[in-house]
């Protein structure tokens, strides 16, 4: 049950995949190991039959998911991971627009959806748009008007904002999966 970049070992009578000499930097080796194990476990487990998974997160979770996406080969033969969803991606610290956290975004090759607030103090609109233009991956940005980093919008209910976010995510996933059928 060896997988590319992983080695299987026996632990308590059960075969488990672990990374051996992972092709990851020291900073991201844990994330790479977790991806390697999770990806292969879910692919080979008789208990789970998953395909077409979209990774995602909000704020730092989206940054971590982007880091993991850097280690996924584009066009993975089984299309296990299809894309990345970043909600409130923390492109920079508040008032520190000169220190962008964009390095992982440039290495991603699978589709990316950004959902950000137009008033997000950690993701200035014009900066994210410039980063998105430079990315290799096909990407789309949906701006929640007047939303902060927490997606709070004065005069709108949380449920209303979440409905807009969820609708955009579902439409985008549908676009990606429809492209696969062509």
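Quick note: the coordinates plus some simple rules give every number you see, no bench work behind them. Since the structure is predicted, the reported quantities are computational estimates derived from the model, not experimental observations. As a convention, Cβ positions derive from the backbone with ideal geometry for all residues, glycine included, and neighbour counts pool all protein chains shown.
Brief remarks on what is shown
- Mean sequence separation of contacting Cα pairs (under 8 Å, at least six apart), scaled by the length of the stretch 51-181, corresponds to a relative contact order of 21 percent.
- Residues 84, 91, 127, ranked from the fewest to the most other C-beta atoms within 10 Å, line up as 127, 91, 84.
- In this simple spin-label approximation, residue 150 and residue 170 carry label points 7 Å from Cα along the Cα→Cβ vector, and these lie 2.7 nm apart.
- Per residue, the average separation of C-alpha pairs within less than 8 Å and at least 6 apart gives the stretch 107-182 a relative contact order of 33 percent.
- Percent of Cα-Cα distances greater than 19 Å, calculated over the stretch 51-181: 46 percent
- Note on 92, 98: ascending count of other Cβ atoms within 10 Å places them as 98, 92, the fewest first.
- When 86, 70 are arranged by Cβ crowding within 10 Å, least crowded first, meaning fewest neighbours, the order is 70, 86.
- The stretch between residue 107 and residue 127, if pulled fully straight at 0.36 nm per residue, gains 5.4 nm over its current Cα-Cα span.
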